[in-house]
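Scroll down for the structure; my scribbles are underneath it.
The values are calculated or read from the model by the stated rules, or taken from the named source; none is laboratory data. Everything numeric here is computed off the predicted structure, so don't read it as measured data. Because the Cβ atoms are built from the backbone with ideal geometry, glycine has one as well, and the counts that use them run over all protein chains shown. Ligands, DNA and RNA are excluded from the accessible area calculation, which covers all protein heavy atoms including side chains. Shrake-Rupley method; radii C 1.70, N 1.55, O 1.52, S 1.80 Å.
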Amino acid sequence: MPEHAKALYAPLQDPLLYRYVSQLPPESESALRRRFEQLATGRSPDGSQIWLNWAARAKTGPYVGLVQATIEVDHALIGYDIFVPFWRHGYGKEACGAMIDAALREYGVTSVNAIVDADNAASIALLEGLGFSRAWTGPSDDMPGHTDHRYELALG
């Protein structure tokens, strides 16, 4: 939600989050708020995609990251950003697992994909731990000189 911008702006400034993605840190808290306003509509402008976005939080503590799914018909493409202080604590796996379960239950998703930089060992381990299988390897669409893997998970 737009009101999350205040709490999430600072952790989204860590340059380590952007090592394997073409995205840049938000320019300002107000720019992040505007982005969240667009995402909070829950749909792409043409209505062809459902956008699911969650700020993940420790049960008794701070926000630990963001998870998102873009759904078209019965297929989802997921992404996630776990904030650096919370890497390798299981938050990514738990948050992504809950998101995938919600996509299956609430939207009838039958397959899920994720694109990951071939050098991002932690993200690869997270996906494989959730049962994803590598389906493709090739040049990155958005990071020249990088190689990506596409991981797939069949549900139901």
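Annotations for the structure displayed:
- Of the trypsin sites (Lys or Arg not before Pro) found in region 13-45, those that fall in a DSSP loop while having at most 15 other beta-carbon atoms within 10 Å are Arg19.
- Among the protein heavy atoms of region 63-133, carbon and sulfur supply 53% of the accessible surface, probe 1.4 Å, non-protein parts ignored.
- Most to least packed among 89-96, 51-58 [average Cβ atoms within 10 Å]: 89-96, 51-58
- Relative contact order computed over the chain (Cα-Cα under 8 Å; 6+ residues apart), in percent: 18 percent
- Estimated inter-spin distance, Leu155 and Arg19, nm [label 7 Å along Cα→Cβ]: 3.0 nm
- Subtracting the Cα-Cα distance of Arg88 and Asp119 from 0.36 nm times their residue separation leaves 9.5 nm of extension gain.
- Dipole of the chain, positive end: most advanced residue of Pro11, Tyr107, Ala69 [Cβ charges, Cα centre]: Pro11
- Using the Cβ-Cβ distance between Ser28 and Tyr107 with R0 = 41 Å, the FRET efficiency computed as 1/(1 + (r/R0)^6) comes to roughly 0.80.
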